[in-house]
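Input: a single structure, listed below in structure tokens.
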Amino acid sequence: MKYLSTRGLATPKSFTEILLGGLAPDGGLYLPEEYPQVTRKELDDWRTLSYADLAFAVMSKFAPDIPAADLKAITDKTYTAEVYCNARTDSDTRQIAPLRTLEPGLHILELSNGPTLAFKDMAMQLLGNLFEYALDQQHDALNILGATSGDTGSAAEYAMRGKRGIRVFMLSPRGKMSAFQTAQMYSLQDPNIFNIAVRGVFDDAQDLVKAVSNDLAYKAQYKIGTVNSINWGRISAQVVYYFKGYFAATQSNDEQVAFSVPSGNFGNICAGHIARRMGLPIAQLILATNENDVLDEFFRTGVYRPRGTAQTFQTSSPSMDISKASNFERFIFDLVGRDSVKLRAFWGQVEAGGAFDIKGTPYWDALPGFGFVSGKSTHADRLATIRSTWEKYGMMIDTHTADGLKVGIEQRRPGLPLICLETALPAKFEETIREALGREPERPAGMLGIENMPQQCVVMDANVEALKAYIVANTPR
Ligand SMILES: *Cc1c(COP(=O)(O)O)cnc(C)c1O
């Protein structure tokens, strides 16, 4: 299987060839030439698989160029109870990504029981092992450079710590993350993890990463890579839990379901779209945004109008405070019938600071066929949903999952089982939980007092040369 770029101007490549890279050379995003199909027989066989075996079955379809025995060893090593079953003490502790039924037909798929208490661990841990494998094969090394305001950076560091051939340089805005998030990242003592606290805000850190990546000679010499949300390895690994959730919520493969997904960069729900295109019986993909509702606006009106930083609100579901969804291009590519010329025209408008509008085009008429509906949730909605879920079902959910649950219940088609994806645990957002419930969220035993552990990071001005010099000084020749 080959991967092609949404912009249509790049040479098709294999899974392992695109794994370590980011954007295609033409500025587009990679997608399989054709989505692999899952037969009815395969669906029946997959229904009873363990998570690790299901991950192997799904990933085999996306990465046929990795020898089966190697891929099996990687998925077995990644999806273990030690990594994924420690966080929630009230969960089914034997299962990876257990389904919690709130009432008949209403479920939460627990994806946040991994090391950093957010769903990003589901894919990132696999990516760490895939990267190590690919670099071993190529006798190569990689410097992963990223900027984070919280969840992505910690998930990347916990996935890459101690991995051969990989160093992580993670920039974060100094003093702008919660004490818990800061402690999670800065308490790591592994010699291949470098935390860099930038004097500035998140965008300053992000700009530094872009500046380094745009210096192509430096990037090649120091083997700079990324693990951001456009990485295909992450998207493909996220497809797996849609299958897992479907099997857990249904009795047979004749049933249809709805998934509700708290969304920001459109990575998580893009994986749901792909699972549906592979043949998983998903009737509805319900996209939930917070006050930053650029994606909800598109699905309601046909207008995609990314916003600037100044119009991006800081909310109590901060991992969805995104006004330009980096994976959205993948979906639009499918919506326009994989017409790269059309896609380039739309993104030309977006990159010039504008918008595009599909209302009145055949694409608007085609949209319902993709199963998407959307809605938005505000701070008051989050508080109310956290409260009602606690009172009615005795389950404490985080602010992002609350956005998904609120919009899911609002938009679900009657009679369809609804599976809400849990994207983080409440322990990560203590302040809002206190506001909603007047009590503290439970913390996993391993994370009690994490704020008091020794921390290490270097503090740096938002200066590209200083960052480059730091990477050079810490890259062995
Ligand atoms: C990353 C993240 C999201 C958004 O996921 P996307 O793939 O960017 O749409 C939602 N909730 C939490 C807690 C996250 O960390």
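The values are calculated or read from the model by the stated rules, or taken from the named source; none is laboratory data. Computed from a predicted structure; not experimentally measured. Ideal geometry is used to build each Cβ from the backbone, glycine not excepted, and the neighbour counts take in all protein chains shown. Ligands, DNA and RNA are stripped out before the accessible areas are found, and what is left, the full protein with its side chains, is counted by its heavy atoms. Shrake-Rupley method; radii C 1.70, N 1.55, O 1.52, S 1.80 Å.
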### Message
Every residue in region 306-322 that is small (Gly, Ala, Ser) and either within 12 Å of the ligand (Cβ to nearest atom) or modelled with pLDDT of 95 or more (or both), please.
### Response
SER316, SER317, SER319
### Query
Tally time: how many residues in region 165-207 are open to solvent by 60 Å² or more (accessible area, probe 1.4 Å) and free of Cβ contacts under 8 Å to residues at least 60 places away in the same chain?
5
### Task
Among the residues of region 285-307, write down those that are open to solvent by less than 30 Å² (accessible area, probe 1.4 Å) and not hydrophobic (A, V, I, L, M, F, W, C).
THR289, ASN290, ASN292, ASP293, ASP296, GLY302, TYR304, PRO306
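Test ARG276 against the criterion of being modelled with pLDDT of 95 or more, more than 9 Å from the ligand (Cβ to nearest atom), in a helix (DSSP H, G or I) and within 19 Å of the chain's Cα centre (by Cα), and give yes or no. Outline the logic, then answer.
Numbers: modelled with pLDDT of 95 or more: yes; more than 9 Å from the ligand (Cβ to nearest atom): yes; in a helix (DSSP H, G or I): yes; within 19 Å of the chain's Cα centre (by Cα): yes.
Taking the combined requirement at face value, the residue satisfies it.
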### Task
Return a yes/no flag: does region 231-240 have any residue that is out of contact with any Gly (no Cβ under 9 Å at 6 or more places or on another chain) and within 20 Å of SER317 (Cβ to Cβ).
no
### Query
In this structure, does ARG443 turn out to be farther than 29 Å from ARG174 by Cβ and at pLDDT below 95?
no
### Message
I need every pair where a residue in region 381-401 that is open to solvent by 40 Å² or more (accessible area, probe 1.4 Å) has its Cβ under 9 Å from the Cβ of a residue that is within 16 Å of the ligand (Cβ to nearest atom) and acidic (Asp, Glu), sequence separation at least 6 or different chains.
### Response
ASP381/ASP403
### Message
Going through THR385, THR401 one at a time, which residue ends up being touching a Lys or Arg at 6+ places or on another chain (Cβ under 8 Å), in a helix (DSSP H, G or I) and within 16 Å of the ligand (Cβ to nearest atom)?
### Response
THR385
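Which fully enclosed helices (runs of 4 or more DSSP H) of region 129-231 have 2 or more residues being under 17 Å from TYR470 (Cα atoms)?
Values: elements: 151-160, 179-186, 202-214, 216-221.
The helices (runs of 4 or more DSSP H) meeting that bar are 202-214, 216-221.
Among the listed residues ASP70, ASP76, identify the single one that is in a helix (DSSP H, G or I), among the acidic types (Asp, Glu) and either within 28 Å of THR401 (Cα to Cα) or touching a helix residue (DSSP H, G or I) at 6+ places or on another chain (Cβ under 6 Å) (or both). Walk me through it before giving the result.
Numbers: ASP70 fails: either within 28 Å of THR401 (Cα to Cα) or touching a helix residue (DSSP H, G or I) at 6+ places or on another chain (Cβ under 6 Å) (or both).
When all the criteria are applied, what remains is ASP76.
Working only within region 142-164, note down all residues that are away from the ligand (no atom under 16 Å from the Cβ) and open to solvent by less than 30 Å² (accessible area, probe 1.4 Å). Outline the logic, then answer.
From region 142-164, those away from the ligand (no atom under 16 Å from the Cβ) are 142-145, 160-164; that's our starting set.
Hits for region 142-164 are LEU142, ASN143, ILE144, LEU145, MET160.
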### Query
Is there a residue being more than 26 Å from ASN265 (Cβ to Cβ) and either part of a helix (DSSP H, G or I) or open to solvent by 50 Å² or more (accessible area, probe 1.4 Å) (or both) anywhere in region 22-36?
no
### Query
Listed residues SER260, SER319; which is part of a strand (DSSP E or B) and either open to solvent by less than 10 Å² (accessible area, probe 1.4 Å) or in contact (Cβ under 8 Å) with a residue 60 or more places away in the chain (or both)?
SER260
### Summary
If you go through LEU43, LEU49, the only one that is open to solvent by 60 Å² or more (accessible area, probe 1.4 Å) and aliphatic (A, V, I, L, M) is LEU49
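Yes or no, residue by residue, for (1) closer than 24 Å to SER187 by Cα; (2) among the acidic types (Asp, Glu); (3) in contact (Cβ under 8 Å) with a residue 12 or more places away in the chain:
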site: GLN95; (1), (2), (3): no, no, yes
site: GLU110; (1), (2), (3): no, yes, yes
site: ALA118; (1), (2), (3): yes, no, yes
site: MET122; (1), (2), (3): yes, no, yes
### Message
For the list (1) within 15 Å of the ligand (Cβ to nearest atom); (2) farther than 21 Å from LEU54 by Cβ, I need the number of the one condition that VAL303 fails.
### Response
(1)
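Residue under question is LEU208, and the condition is that it be over 25 Å from ALA424 (Cα atoms) and not hydroxyl-bearing (Ser, Thr, Tyr); does it hold?
On the way: over 25 Å from ALA424 (Cα atoms): yes; not hydroxyl-bearing (Ser, Thr, Tyr): yes.
Judged against the criteria, LEU208 is a match.
For every residue, the table says whether it meets (1) open to solvent by 40 Å² or more (accessible area, probe 1.4 Å); (2) among the acidic types (Asp, Glu).
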residue: LYS342; (1), (2): yes, no
residue: VAL350; (1), (2): no, no
residue: ASP403; (1), (2): no, yes
residue: ILE409; (1), (2): yes, no
residue: PRO426; (1), (2): no, no
residue: ALA436; (1), (2): no, no
### Task
Quickly run through region 404-425 and pick out the residues that are in contact (Cβ under 8 Å) with a residue 40 or more places away in the chain, more than 15 Å from ASP321 (Cα to Cα) and in a helix (DSSP H, G or I).
LEU405, LYS406, VAL407, GLY408, ILE409, GLN411
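Among PHE328, PHE298, PHE333, PHE259, which is the only one that is among the aromatic types (Phe, Trp, Tyr) and within 11 Å of the ligand (Cβ to nearest atom)?
Unique residue meeting the criteria: PHE328.
Give the residues of region 97-118 that are open to solvent by 20 Å² or more (accessible area, probe 1.4 Å), in a loop (DSSP other than H, G, I, E, B) and touching a helix residue (DSSP H, G or I) at 6+ places or on another chain (Cβ under 7 Å), sorted by residue number.
Here is the first cut: in region 97-118, the residues open to solvent by 20 Å² or more (accessible area, probe 1.4 Å) are 99-105, 115.
Okay, now just the ones that are also in a loop (DSSP other than H, G, I, E, B), so 104-105, 115.
Hit for region 97-118 is PRO115, nothing else.
Quick check on my filter: what residues within region 435-476 are among the acidic types (Asp, Glu) and part of a helix (DSSP H, G or I)? Show your work before the answer.
Residues of region 435-476 that are among the acidic types (Asp, Glu), as a first pass: 435, 440, 442, 451, 461, 465.
Result: GLU435, GLU451, GLU465.
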### Query
Within region 354-372, is even one residue more than 30 Å from GLY150 (Cβ to Cβ), among the aliphatic types (A, V, I, L, M) and open to solvent by 60 Å² or more (accessible area, probe 1.4 Å)?
no
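Just name the residue that is nearest to the chain's Cα centre (by Cα) out of those in region 100-125 that are within 16 Å of the ligand (Cβ to nearest atom) and of a type in the set (Asp, Glu). Quick ask: steps written out before the conclusion?
Taking region 100-125 first, the residues within 16 Å of the ligand (Cβ to nearest atom) are 108-125.
From what is left, the residues that are of a type in the set (Asp, Glu) are 110, 121.
Numbers: GLU110: 14, ASP121: 9 Å.
Within region 100-125, the match that is nearest to the chain's Cα centre (by Cα) is ASP121.
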